[in-house]
Amino acid sequence: MANKLKNLQRTLTIFAGLTSVALTGCTPHAKPAPPMQAMPVQTAFISLTEVPISDEYVATIKSRRSATLNPQVDGNLTQILVHSGQAVKAGQLLMVIDPARQEATVASQRATEVQKRSVYEYNQTEIERQRKLFEAGVTSHDAYDQAQQAFKNSKADYESAVAVRVSAEKQLGYYRITAPFAGIVGDIPVHLGDYVSGPTLLTTVDEPKDLEAYIYLPTERASQVKPGIDVELTDTNGNVIERTKISFISPQVDSSLQGILVKAPVHATADVLRNAQLVKAHVIWGQQQAAVIPVLATTRLSGQAFVYVVKPQGNGFVAHLEAVKLGDTLGNTYAVLDGLKPGDELITSGLQFLADGAPVLPLRLMQRPAGK
């Protein structure tokens, strides 16, 4: 062990001597490195402007008129007269369930009604005849009373037959599935010949207008939300689809989501927004003063956002890396909540070639007229 330490010390001593000789020999002939050339950069001075204070949520677009069609009778589908995505008018026939059995029931009830009407009309004539005979003293009061009773019974039977026939005809109408209003037919999961009953989903019809955005806000926002608050609906790329306002606030909290449902009217056409579509909703709570900078003027290191600002140094300028706290995206810009102040000169170009402390030359200085 002692020998190893002695060898290590001897080696270090020799290395230090050689280094000293090398440095001594090179120093008289070494030339100082030339100063780094300043890089021209585009800059912009920071000023404060009004920016919205907002939160982003997911909104579901729903039609105010959207119907799910289920059969009210049982049977096999014999006709499907529309296809998914087809525009239909109110009352247009969509599907037909085999009505043969119900048609037979209707025919039977009509025949029964005719029979009851014949008896009723006969008794109506008979009671008039019995009245005249009774008044003439030909028949007894008992015979007249029996004629009256027969008339009342036949009248009740006839009216009952009419009601049963009307009910059967109305039931027959349920075998024809029609559009409740003008709209667009949704998916049709059934096929010709399928046996359908009450729980079977036949299709949907959605009216492609009078849409609403359904937004669930956290309960901690309950004291701030009110009708008239601005809402911006955006697509996945951040492009604004529509600007609207909250028109409805639920008086109760949704127990499953623990959120407060608010609605905002949507006037976009069907080619822009569709029923059940999910979009981003920015609920704007107010305004605040903040700096706004281009998205391309920021850089990220280990998840932290930074910008380069111009700082004077000696007779020139250098790029200084400054940490910032970013707010919402406003088109192609960021709102800066902290890290910049009015008057700071932000570097907006050539960020990929910069480093903290690198010399820079703002292009505004190169564009000055001669003699200035």
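Things to note:
- The mean accessible area for residues of region 259-372, using a 1.4 Å probe and ignoring ligands and nucleic acids, is 55 Å² per residue.
- Scaling the Cα radius of gyration of region 223-276 by the globular reference 2.2 N^0.38 Å produces a ratio of 1.29.
- Summarising the amide proton neighbourhood of Q79: residues at separation of 5 or more, or on other chains, whose placed amide H is nearer than 5 Å comprise V96.
- Just the protein heavy atoms count here, and of the accessible area of region 191-297 at 1.4 Å, carbon and sulfur take up 52 percent.
- Most to least packed among 335-343, 298-306 [average Cβ atoms within 10 Å]: 335-343, 298-306
- Compactness relative to 2.2 N^0.38 Å, alpha carbon Rg of region 180-331: 1.60
- Each Lys and Arg contributes +1 and each Asp and Glu -1, all at the Cβ; summed about the Cα centre of the chain, the dipole is approximately 1780 debye.
- Amide H within-cut-off set for I53, under 5 Å, with H built and near neighbours excluded: W285, G286, Q287, Q288
- Alpha-carbon gyration tensor eigenvalues x 5, square-rooted, for region 133-234, Å: 63, 25, 12
- In this structure the amide hydrogen of V41, modeled in the peptide plane, comes within under 5 Å of the amide hydrogens of L361, L363, none closer than 5 places in sequence on its chain.
- Accessible surface of R364, taken over heavy atoms with a 1.4 Å probe and every protein chain present, rounds to 80 Å².
- A probe of 1.4 angstrom, applied to the heavy atoms of all protein chains, finds K170 with accessible area near 130 square angstrom.
- In order through region 151-158: 3J(HN,Hα) via Karplus (6.51 cos²θ - 1.76 cosθ + 1.60), integer Hz, x for Gly, Pro: 5, 5, 5, 5, 5, 5, 5, 5
- Estimated purely from DSSP H runs of n ≥ 4, each contributing -39500 (n - 2.57), the mean residue ellipticity at 222 nm for the chain is -9500 deg cm²/dmol once divided by its residues.
- Remark: relative contact order (the chain) = 26 percent; criterion is Cα-Cα distance under 8 angstrom and separation of 6 or more residues.
- Rg and Dmax of region 33-175, both derived from C-alpha coordinates alone, stand at 38.9, 147 Å.
- Environment charge of A276, counting only residues whose C-beta is closer than 10 Å and scoring Lys/Arg +1, Asp/Glu -1: +1
- Identified option (computed volume of the Cα convex hull per residue in Å³; candidates [x] 382; [y] 292; [z] 154): [x]
- Sequence of Y175, Y120, Y195 when ordered by accessible area, the most exposed leading, probe 1.4 angstrom: Y195, Y120, Y175
The values are calculated or read from the model by the stated rules, or taken from the named source; none is laboratory data. None of the values given here were measured: they were computed from a predicted structure. Cβ sites come from the backbone with ideal geometry, for glycine too, and all protein chains shown count toward neighbours. Surface accessibility is based on the protein's heavy atoms, side chains included, excluding ligands, DNA and RNA. Shrake-Rupley method; radii C 1.70, N 1.55, O 1.52, S 1.80 Å.
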